[in-house]
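Remarks on the structure that follows.
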Amino acid sequence: MINIFLFSFFASIYLFCAGIFFYTKKDNENDGIYISIFFGACILSFIAVFLNFFVSLNPTINTILFVTVTIIGFVLIFKKEIFYKLIKCCILIALISTLILYFDTIYRPDANLYHLPYTRIINDNKIIFGISNVHFRFGHVSILQYLNAIFNNILFKEKGILIPAAVIFSSTVLYFYNEIIHNISKNKIYSYYVFLLLAYTLFGYNRYSEFGNDTIAHLFFLIISSYFLKTDFKKDVNAQEFIKISILSLFCFMSKTGLIFVFFIPLYILIFNFRKKYLLNYLNIFILIIALSWFAKNIITSGCFIYPIEITCLETLQWFSNDSNYLISAQAQSLDNEAWTKGWVNYNGAQVSQEYYVKNFFWLKTWFSIHGLLIIKKLSIFIFILTIINFYLKRIEANDNSVEIKLDKKIVFLFFLSVFCTLMWFLRFPIFRYGSSYIVVLIICIYTIFAIKNRLIEKNIQKLTKYLKILLIIFFTLFSLKHTLRIYKNYNHSLVNEPWPKFPKTKDTTSISETKKINDTFAYYLHKQNLNYDGCGYILSPCTPYLLKNVKLKEMYGYKFYYLYK
């Protein structure tokens, strides 16, 4: 437990130091610290992607980066006189991170299938051309795998790859909490909106074993929506806030491409609050370089700008093929993913093709009987909680001289954006973890607009603050009890890697894989299917559960190329 706490503490400081250039001193400096941690995650991820074009993200490289960033950060911290507040915030982050990491598990099956295997690949190798031919899921990995990989250094060792997600979650919880407490008297609409965001974060995103790539991406979408609602872009004359929103949006998209509609938020700012500095800004060059690097990485690994969207693929590349006979085929993978999210595996009717199944709402009945009911069940609890909250808000008397609170245009925009996003999610990939933040923002916007229209938040500020604090205590108590019970339940069990979340790793390579060669050259490890876990995990690289056919391997200028017979 002490190890988990200390690693989380130092990881928090590391992330803050990486994002310190985005720190601005405000009335509440704690918020600036948490925001800097979010930007630190963005910056370190961008650096990791860029470095991997030339070197592997091995422990030596990662340690050099860790030491360099931390030293620079500490120099600037002392100049800004925020050292003690940073320590306090990082202790709180480490406490929450320890609570959710202690005796939990990784996200299965995706973590073992491709999150951890790809993390191991970039820890061991510089960028590999056509790596998606080894495992098709390597074609659509998240930038979070790069963030995780860069935490495998001499201090954290391999366990470092488990830390970033926990620290980001903990920072999000504390950021929302501080925003509520310090803005309730200044901006009731914003505080109420963030209060509902925090309620869902503690309710719906609280288990480390369910994080995967999706949860962290959705947390960033929630953070972006709150940051957008809080900021007055009409007064933003130096374009700094617009740049921040753009960087967070870029990271959100790179974490989960299904959240591409997040770019409508900076687009809205650009259209309705245009400043020349929004475009003519040196930081935009940085954003452009990062975006181009990410798309170049995608082209190199899969042959597509955004895999598996067929229209974005370059069929002339030697390592790409859209022949449906190949597992890597973007067309086949896109169709298979859509069919899976619409309940294809649960369909019990007459045999039909996947293409026929996904069209004309043929899938709706099957989907609703499984995924639909699960979504309704999960959201109904949250909606019930919000209804109770609004009911008790009515019981707080309003101020005698209360001024009517007007509906903010930005909350209206978020409502229509979330409606559009939810509709697109439903039509294409209607599984909850793919679009949860879209749906959550939609629900929260509805309740916020309802509260404004019915004057529920035009209340006595002292009683409203007291009421929200009581609710926050209840939420945090339930959150802590849930994880305490989980720890107690697993405490006497023998778990791999305990008390850290277990992830497969072993030096006995013969027990988990077979070495495969192509043209008498080592090519990959074939994962044995008779193990207790469902993928390669963080064991060897490159590793795949599929026996590769029609795949060639060559090396040029120190780079590996996995390509297909044409």
(request) Evaluate the stretch 322-330: report whether one residue or more is part of a helix (DSSP H, G or I), in contact with a helix residue (DSSP H, G or I) (Cβ under 6 Å, 6 or more places away or on another chain) and either of a type outside the set (D, E, K, R) or under 30 Å from LYS554 (Cβ atoms) (or both). (result) yes
(message) Checking ALA94 against (1) part of a helix (DSSP H, G or I); (2) open to solvent by less than 30 Å² (accessible area, probe 1.4 Å); (3) farther than 19 Å from ILE216 by Cα: exactly one of these is not met. Which one?
(response) (3)
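To keep it simple, each residue is scored yes or no on (1) closer than 24 Å to ALA41 by Cα; (2) of a type in the set (Asp, Glu); (3) part of a helix (DSSP H, G or I); (4) open to solvent by less than 10 Å² (accessible area, probe 1.4 Å).
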{"residue": "TYR175", "(1), (2), (3), (4)": "yes, no, yes, yes"}
{"residue": "ILE180", "(1), (2), (3), (4)": "yes, no, yes, yes"}
{"residue": "SER209", "(1), (2), (3), (4)": "yes, no, yes, no"}
{"residue": "HIS218", "(1), (2), (3), (4)": "yes, no, yes, yes"}
{"residue": "ILE224", "(1), (2), (3), (4)": "yes, no, yes, yes"}
{"residue": "LEU229", "(1), (2), (3), (4)": "yes, no, yes, yes"}
{"residue": "LEU250", "(1), (2), (3), (4)": "yes, no, yes, no"}
{"residue": "PHE274", "(1), (2), (3), (4)": "no, no, no, no"}
(request) Take the stretch 471-499 and flag every residue that is open to solvent by 40 Å² or more (accessible area, probe 1.4 Å), modelled with pLDDT of 75 or more and more than 15 Å from LEU386 (Cα to Cα). (result) ILE473, PHE476, THR477, LEU478, SER480, LEU481, LYS482, THR484, LEU485, TYR488, LYS489
(message) Regarding the stretch 239-255, can at least one residue be identified that is more than 24 Å from ILE168 (Cα to Cα) and at pLDDT below 95?
(response) yes
(message) Take the residues in the stretch 374-398 that are open to solvent by 90 Å² or more (accessible area, probe 1.4 Å) and free of Cβ contacts under 8 Å to residues at least 24 places away in the same chain; name whichever of them is nearest to GLY343 (Cα to Cα).
(response) LYS377
(request) Could you give me the residue pairs with C-beta distances under 6 Å whose first residue belongs to the stretch 329-356 and is within 29 Å of VAL551 (Cα to Cα), whose second residue is in a helix (DSSP H, G or I) and open to solvent by 60 Å² or more (accessible area, probe 1.4 Å) wherever it lies, and which are 6+ apart or on separate chains? (result) ALA330/GLU310; GLN331/GLU310
(message) So if I check each of ILE265, ILE285, which one is at pLDDT 90 or above and either more than 26 Å from TYR177 (Cβ to Cβ) or of a type in the set (Val, Ile, Thr) (or both)?
(response) ILE265
(message) Quick test for you: out of VAL55, VAL67, pick the one residue that is at pLDDT 95 or above, open to solvent by 30 Å² or more (accessible area, probe 1.4 Å) and closer than 30 Å to ARG137 by Cβ.
(response) VAL55
(request) Would you please name the residue that is nearest to PHE136 (Cα to Cα), looking only at residues in the stretch 357-367 that are without any contact (Cβ under 8 Å) to a residue 24 or more places away in the chain and part of a helix (DSSP H, G or I)? (result) TYR357
(request) Being of a type outside the set (A, V, I, L, M, F, W, C) and in a loop (DSSP other than H, G, I, E, B) is the filter; apply it to the stretch 280-317 and report the residue that is farthest from the chain's Cα centre (by Cα). (result) THR316
(message) Scan the stretch 377-398 and tell me whether some residue there is at pLDDT below 90 and small (Gly, Ala, Ser).
(response) yes
(request) Answer with yes or no whether VAL75 is within 27 Å of ILE247 (Cβ to Cβ) and free of Cβ contacts under 8 Å to residues at least 24 places away in the same chain. (result) yes
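The values are calculated or read from the model by the stated rules, or taken from the named source; none is laboratory data. A quick note: this is a predicted structure, and the numbers were derived from the prediction, not measured. So basically every Cβ, Gly included, is an ideal-geometry build from the backbone, and we count neighbours across all protein chains shown. Heavy atoms of the whole protein, side chains included, go into the accessibility calculation; ligands, DNA and RNA do not. Shrake-Rupley method; radii C 1.70, N 1.55, O 1.52, S 1.80 Å.
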